[in-house]
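What follows is a short report on a single structure.
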Amino acid sequence: MDQTTLLYIMAAFVIIAAVALCIQAGMLVALYQKTKMLQEKINPLVDKISPLVPKVESLVESTKATVEQSRVQILEITSRTNDILASAKSQLAMVEEVVSDATARAKVQIERVELVLDDTINRAHETVATVHNGIMRPLQELNGIAAGIRAALAFLARNNRPSVAQATSDEEMFI
């Protein structure tokens, strides 16, 4: 490459760099102006906010104290809640033990009641069988004997044979 071409290229880059520096300087001036305008707008606000700073600081301090008290109360409530929960768990365990014991006892009592009921039913059945065998059977036998005696007396009381008009329904079957 030729020296003059190189010189032209370098001159072009120097011009571009100079233009870039001018643009940056313009942007810096514009930024300075905007900052000044913003400062002019903020200055009245600073005058209004300055008296509020001590109030805000006292509010922050009181908020810190309130938060600390709340934290202490929350810790106390948490410990009490844990104690109550532990007590409830132990009482629940005792209630569960009582319920399981009562359930076991109830099962035993139900089994005893079933045994007594079965025994009572067996005794009632035996009593009925005894009454039937001891009283009813002899009564039936006596009734049968009495019916036989009546039939014999009725037969002996009538000397002649009954007529067909006097036949009973059993006798009619054979006539």
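Bear in mind that the values in this text are calculations on the coordinates, not laboratory data. Just so it is clear, the model here is predicted, and its values are computed rather than measured. Methodologically, a virtual Cβ is constructed for each residue, glycine included, from the backbone with ideal geometry; neighbour enumeration extends over all protein chains shown.
What to note about this one:
- Binning all Cα-Cα separations of the chain at 5 Å, short to long from zero, yields these whole-percent fractions: 1, 5, 4, 4, 4, 4, 4, 4, 4, 4, 3, 3, 3, 3, 3, 3, 3, 3, 3, 3, 3, 3, 2, 2, 2, 2, 2, 2, 2, 2, 2, 2, 2, 1, 1, 0, 0.
- If you count Lys pairs in the chain whose Cα atoms are under 27 Å apart, skipping same-chain pairs closer than 8 places in sequence, the total is 6.
- In nm, spacing of pseudo-spin labels at VAL67 and ILE135 (7 Å Cα→C-beta vector): 9.6
- For the stretch 73-135 versus the stretch 32-65, the inter-centroid distance based on Cα atoms is 76 Å.
- For the chain, the residue among ASN143, VAL53, THR78 whose Cα projects farthest onto the positive side of the dipole built from Cβ charges is VAL53.
- Once the Cα atoms are used to define both axes, helix 137-157 deviates from the longest principal axis of the chain by about 30 degrees.
- This model, with +1 at the C-beta of Lys and Arg and -1 at the C-beta of Asp and Glu, gives the chain a dipole about its Cα centre of some 620 debye.
- The Kirkwood hydrodynamic radius of the stretch 93-136, based on inverse pair distances between different Cα atoms, is 12.8 Å.
- A simple spin-label model places the labels of VAL99 and LEU28 8.5 nm from each other, with each point 7 Å out along Cα-to-Cβ.
- Contour excess over end-to-end distance, with Cα ends at HIS125 and THR35 and 0.36 nm allotted per residue: 20.8 nm
- Normalised by 2.2 N^0.38 Å, where N counts its residues, the alpha-carbon radius of gyration of the stretch 65-127 equals 2.52.
- Our summary of shape: the Cα atoms of the stretch 1-66 have principal axis extents of 82, 27, 8 Å, ordered from largest down, in whole angstrom.
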